[in-house]
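The values are calculated or read from the model by the stated rules, or taken from the named source; none is laboratory data. It should be emphasised that the depicted structure is a prediction, and the values quoted were computed from it without experimental measurement. Here the Cβ positions follow ideal geometry from the backbone for every residue, glycine too, while neighbour counts run over all protein chains shown. What goes into the accessible areas is simple: the full protein's heavy atoms, side chains included, and nothing from ligands, DNA or RNA. Shrake-Rupley method; radii C 1.70, N 1.55, O 1.52, S 1.80 Å.
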Amino acid sequence: IRFPYPFQWGRPRFNAGDAVAVIAASFVAIIESTGTFITASRYASATPMPPSVLSRGVGWLGVGLFLDGLFGTGSGSTASVENAGLLGLTRVGSRTVIQISALFMLFFSVLGKFGAVLASIPLPIMAALYCVLFAYVASAGLGLLQFCNLNSFRTKFIVGFSVFMGLSVPQYFNQYLLVSGHGPVHTRSTWFNNVMQVIFSSPATVGFIVAFFLDCTHSYGHSSVRRDSGRHWWEKFRNFNTDTRSEEFYSLPANLNRFFPSF
């Protein structure tokens, strides 16, 4: 039994290059976590998330990263893609279930033998679970395309090109790193190399950057772009109070909305 405590590995040290690399990793985590938030809301049969709720979730990720640095963990915090897929698999969207599960995780985190049991699970079993859970997450993202006009050649090009680049560019970066021991961006600035490797090794980040750039530049001034992209479907959910169900779905427990309000 071992209880973690702040600064258990010694005094913190600051390095500007490492800080920039962590900022890039946090940017990647924000993009991937945003997709996880949206997936969880869809599988929980909730209304589309207002931007203020997304911002609140990203802010709590920042709090988690601060605690990770305080306790000296080996990695940062991000939203669990697997749990979002588990939500779609079990159809259990109760917040109470998640809170009880979190308490179990906190309790077992101090028991080293419990971690050993998890580490002893064969990798093929974990891979099979990942195939099912990630399939639910991917299908939730593809389901959003129903709001777009898929008969538009502009939409077809953006979707196809962003998916292709999101799959091929990270594969190239990871394979290059595995063969040569360093990424394809290999300059004298180590922090810059790490930033490029972190950003372009994430399929979701690469796909998002490409899709966002093309959506904001390719035939943007055309009159049919707004209708074909499906943006008009989300206008009524831009503010928290425009839908009466938002309070039910996205209000924080223990009356925390007083300190973390949504707009």
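Return yes when Phe147 is in contact with a helix residue (DSSP H, G or I) (Cβ under 7 Å, 6 or more places away or on another chain), open to solvent by 50 Å² or more (accessible area, probe 1.4 Å) and closer than 30 Å to Ser229 by Cβ and no when it is not. Criteria met by Phe147. The sole residue among Phe114, Phe3, Phe104, Phe66 that is among the aromatic types (Phe, Trp, Tyr) and under 20 Å from the mean Cα position of the chain (by Cα) is Phe66. Residues in the stretch 43-52 that are on the phi < 0 side of the Ramachandran plot and surrounded by fewer than 20 Cβ atoms within 10 Å (Cβ to Cβ): Ala44, Ala46, Thr47, Pro48, Pro51, Ser52. Looking at the structure I just gave you, is Ala25 buried (at least 16 other Cβ atoms within 10 Å of the Cβ) and more than 24 Å from Gly207 (Cα to Cα)? When the stated conditions are applied, Ala25 does not pass them. Close Cβ contacts (under 6 Å, 6 or more residues apart or on different chains) running from residues in the stretch 50-66 that are within 13 Å of Ile31 (Cα to Cα) to residues that are assigned to a helix (DSSP H, G or I) and aliphatic (A, V, I, L, M) comprise Val58/Ile30.
Here Asp18 meets each of (1) outside any helix (DSSP H, G or I); (2) modelled with pLDDT under 85 with one exception, condition (1). Of the residues making up the stretch 68-108, those that are modelled with pLDDT under 80 and either farther than 20 Å from Ser33 by Cβ or open to solvent by 80 Å² or more (accessible area, probe 1.4 Å) (or both) number 2.
Within the stretch 53-63, being buried (at least 16 other Cβ atoms within 10 Å of the Cβ) and small (Gly, Ala, Ser) holds for one residue alone: Gly57. The residues of the stretch 242-263 that are open to solvent by less than 50 Å² (accessible area, probe 1.4 Å), free of Cβ contacts under 8 Å to residues at least 60 places away in the same chain and not in a loop (DSSP other than H, G, I, E, B) amount to a single one, Asn257. Of the residues making up the stretch 89-103, those that are in a helix (DSSP H, G or I) and closer than 28 Å to Pro261 by Cα number 9.
The set of residues in the stretch 150-160 that are open to solvent by 80 Å² or more (accessible area, probe 1.4 Å) and either charged (D, E, K, R) or in contact (Cβ under 8 Å) with a residue 24 or more places away in the chain (or both) comprises Lys156, Phe157. When Gly59, Gly74, Gly93, Gly88 are screened for being assigned by the TED database to the domain that holds Phe37 and within 23 Å of Ser109 (Cβ to Cβ), only Gly74 passes.
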